[in-house]
Amino acid sequence: MKAEILNLLRERGDYVSGQELCDLFGVSRTAVWKVINQLKEEGYQVDAVRNRGYRIIDSPDVCTKEELDSLMHGQTAWAGQNIQFYKETDSTNLRAKQAGEQGEPHGTLVVAETQTAGRGRRGRGWVSPPGSSIYMSLMLRPSFEPDKAPMLTLIMAYSVARALGACLAEDGGEKIQIKWPNDIVLNGKKLVGILTEMSTQIDYINHVVIGVGINVNREEFPEEIKETATSLRIEAGRCFKRAPLIVETMRQFEGTYEQFERCQDLAFLQEKYNGLLVNCGNDVMIHDARQSYQARALGINEKGELMVRREDGSVEAVYAGEVSVRGIYGYV
Ligand code: BTN
């Protein structure tokens, strides 16, 4: 009922009387009053005026299931329409994987306030303190072949970058960029990490989980990553609301994914993606399992591979497997 009351107050944008809420939801005045109090405790500013009722004035950085369901309503058809929310869990990627095994629908989104065993790439961890960041994993049931799955990471990176761009629009000058294939950077530091994991049968995908960690209002990072990690708050000098950012990411993702399903490759995205690519046109260091070499990053091709020109002039495609691309002098 809390979600319904929240929705109604939002949709009206005006006072709704306590009596109307009682009639609509078939509950007592006390029950309505309790829900309003819970909303206030969660951080909503609710104005209560005698003879007029209740009105939502503002919802600061509230990131709860009700808030997400309420904001997601009508924004997407499937991405994030089924939300599993945890105050604390081991890893949203693991929960999303479980959701995939348990038959939850395509587009199920797992969000956690904090993770006790957040997973990063290459077996690393992802430190996930509560209250200041986004930890979410989207579970998909694609009908295409497993070899196309890495493209989903790029689609997610692009979608998060678009959502972040919209969110920073009023800050001016803050440039969101993508560090192919998994990271998003702001002012040269890592703001977002993406971890895509897949469960396959011999030649088809059971489900894919795309995990996204966004440093939103975090004020500090441990010494070891201080030089390369940042948050929206550190860079823009203000706080951001997490729930609308999650919703906008899902909206962007759904649109881009549907286009990808129609085209079956990333030709439609190439130009826009390359426009956001942090190292485009610069020399980078490519580290793969066998070797490390310097090359000039040229942009992605229609398969989402990074095209690079080696020092001998040959052009080759780098596959987004276990390869890492770094700047010549550091992270970007
Ligand atoms: C990286 O190493 O850059 C990828 C980090 C991915 C972190 C996110 S947080 C939400 C989701 N759940 C996890 O356990 N990992 C991903």
For segment 169-226, shape from the Cα gyration tensor axes a ≥ b ≥ c, cut at a/c of 1.5 then a/b versus b/c, turns out prolate
Average the reciprocal distances over every distinct pair of alpha-carbons in segment 1-62, invert the result, and give the Kirkwood radius in Å.
11.4 Å
How high is the relative contact order of the chain? Use alpha-carbon pairs under 8 Å, at least six apart in sequence, and give a whole percent.
13 percent
Given the candidates Ser133, Gly118, Gly304, the one whose Cα lies deepest towards the positive end of the charge dipole of the chain, counting +1 at each Lys or Arg C-beta and -1 at each Asp or Glu C-beta, is Ser133
For segment 101-107, in order, what is each residue's ³J(HN,Hα) by Karplus, 6.51 cos²θ - 1.76 cosθ + 1.60 with θ = phi - 60°, in whole Hz (x at glycine and Pro)?
6, 8, x, 5, x, 3, x
Past the 25 angstrom mark, what percentage of all C-alpha to C-alpha distances in segment 168-294 do you count?
37 percent
Against the 2.2 N^0.38 Å scaling, with N counting residues, where does segment 228-269 land? I'd like the Cα-based Rg ratio to two decimal places.
1.64
Length-normalised contact order of segment 158-238, Cα under 8 Å, at least 6 apart, in percent, tallies to 23 percent
Rg and Dmax of segment 275-332, using alpha carbons, in Å: what are they?
10.4, 30
Cα-based Rg then Dmax for the chain, in Å, read 21.6, 79
Expressed as a whole-number percentage, the relative contact order of segment 1-122 with C-alpha contacts under 8 angstrom and at least six residues apart is 21 percent
Roughly how big is the chain's charge dipole about its Cα centre, with Cβ charges of +1 (Lys, Arg) and -1 (Asp, Glu), in debye to the nearest 20?
460 debye
When Rg is the radius of gyration of the Cα atoms in segment 1-125 and Rh is its Kirkwood radius, what does Rg/Rh come to?
1.07
Once both label points are put 7 Å beyond Cα along the C-beta direction, the Asn206-Glu261 separation in nm becomes 2.2 nm
Among Pro142, Ile214, Phe268, pick out the residue whose Cα is farthest towards the positive end of the charge dipole of the chain, where Lys and Arg carry +1 and Asp and Glu carry -1 on C-beta, about the Cα centre.
Ile214
In segment 176-242, GluC sites (Glu not before Pro) in a DSSP loop with at most 13 other beta-carbon atoms within 10 Å:
Glu219, Glu220, Glu227
For segment 62-212, state the average projected area of the convex hull of the C-alpha atoms over all orientations, rounded to one decimal in nm².
9.4 nm²
Just name one of Ser59, Leu191, Cys167: the one whose Cα is farthest towards the positive end of the charge dipole of the chain (beta-carbon charges, Lys/Arg +1, Asp/Glu -1).
Ser59
Distance in nm between label sites at Asn187 and Ala77, each 7 Å beyond Cα in the beta-carbon direction?
4.1 nm
222 nm mean residue ellipticity, helices alone, for the chain (DSSP H n ≥ 4; -39,500 (n - 2.57); rounded to 500)
-9500 deg cm²/dmol
Using only the Cα atoms of segment 224-325, construct the convex hull and provide its projected area averaged over every direction, in square nanometres to one decimal.
9.0 nm²
Added length on full extension, which subtracts the Cα-Cα distance from 0.36 nm per residue, Glu302 to Gln102
68.6 nm
If the only charges are +1 at each Lys and Arg Cβ and -1 at each Asp and Glu Cβ, what is the size of the charge dipole of segment 25-110 around the Cα centre, to the nearest 20 debye?
460 debye
Given points 7 Å out from each Cα along the Cα-Cβ axis, report the Met1 to Tyr86 separation in nanometres with one decimal.
3.0 nm
Quick one: dipole size for segment 41-88, taken about the Cα centre, charges +1 on Lys/Arg Cβ and -1 on Asp/Glu Cβ, in debye to the nearest 20.
260 debye
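Just so you know, all these numbers are worked out from the coordinates, no wet-lab data involved. Owing to the predicted nature of the structure, the values given are computational and were not obtained by experimental measurement. Because the Cβ atoms are built from the backbone with ideal geometry, glycine has one as well, and the counts that use them run over all protein chains shown.
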